[in-house]
């Protein structure tokens, strides 16, 4: 009797075990011929390079590659999109862009599939030998017969009242002398070419000085100036000059900070106007209070789009007083989701740059 019971228990155990074993056997398995590809050395001028990782489905059910992600935008993946039957093969390709990427590189691709090991990491590596740079590569922007490193003089961040000087390299590529002068230069900018007259193939530089004490403006400010070569304005002869002008609070003492202005907004800094029709307007007031001890000054307000008009009720707000910023959004012919921002510059040392947002949906007219 004991033998019969023992036999039944063994059969029962085996019966429970078999489905699990079968389930484990019925799976897709991805097996790559390699997981690392070394391009060795590549010439930058040869352009993009591609390698292929081949794989086999060594499992018992079809294998599906769900997606392949690259660790960098410089690497573009491609892969077998159709299910791979057991015993069948597929591929994952990696294309690496060498342009402007000299030096050694090591990038990864992660392959996601329905195999038990959901993610497999492949890797490509190598070294890009930089191409010999031409004058056009080094000085890509041209005005007349003078080439410039850029058409943009960026001063980045500069304190209100501060002076800052930067330089940009230039070269005369003509067989004749070229004299550089500048027009439409605002009073807060001093700009000159060194030397003023460049001989044939001579290198020099533009030197620009920004005096933030001579401009009554804040945050990101752009000016465009004209470049004259031998007295002539040739083609697209504009240079862009930009700076982000900020207030310097670093010299404030603890007492100064305690007695400073403090801006506090009522409610959210984002307003969703829901849905609106084309050729209509939406208005909203952002309410705020000066919760500090000093006068709050609204230095500047600007919208990210000409479709949004903004105006403060007050420029100076006394301690304890409230005020508002009126925002008017004109939908015009726009359609779909809209997201606009309003930048507010204040003298609050802890909140000198505030971003307000309006958002919503513009519905086009119904078609009959």
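The values are calculated or read from the model by the stated rules, or taken from the named source; none is laboratory data. This one's a predicted model, so the numbers in the text were calculated from it and none came from an experiment. Neighbour counts are summed over all protein chains in view; Cβ atoms, including those assigned to glycine, are modelled from backbone coordinates with ideal geometry.
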I'm checking my understanding of the structure. Among residues of the range 110-130 that are in a strand (DSSP E or B) and surrounded by 16 or more Cβ atoms within 10 Å (Cβ to Cβ), which one is farthest from the chain's Cα centre (by Cα)? 113
Residue 190 is checked against (1) in contact (Cβ under 8 Å) with a residue 24 or more places away in the chain; (2) touching a strand residue (DSSP E or B) at 6+ places or on another chain (Cβ under 7 Å); (3) on the phi < 0 side of the Ramachandran plot and fails just one. What number does that condition carry? (1)
Considering residues that are surrounded by fewer than 17 Cβ atoms within 10 Å (Cβ to Cβ) and either outside the structural domain of residue 107 (by TED's automatic domain parsing) or under 18 Å from residue 117 (Cβ atoms) (or both), the number found within the range 65-76 is 3
Quick check on the range 170-229: of everything there that is in contact with a helix residue (DSSP H, G or I) (Cβ under 8 Å, 6 or more places away or on another chain) and farther than 30 Å from residue 344 by Cβ, which residue is surrounded by the fewest Cβ atoms within 10 Å (Cβ to Cβ)? 173
Pairs with Cβ under 8 Å, 6+ apart, first in the range 120-148 and on the phi > 0 side of the Ramachandran plot and in contact (Cβ under 8 Å) with a residue 24 or more places away in the chain, second in a loop (DSSP other than H, G, I, E, B) and surrounded by fewer than 13 Cβ atoms within 10 Å (Cβ to Cβ): 144/235
(1) within 26 Å of the chain's Cα centre (by Cα); (2) at pLDDT 95 or above: which one isn't true of residue 304, the others all being true? (2)
Give the residue, chosen from 268, 318, that is modelled with pLDDT of 95 or more and over 22 Å from residue 245 (Cβ atoms). 318
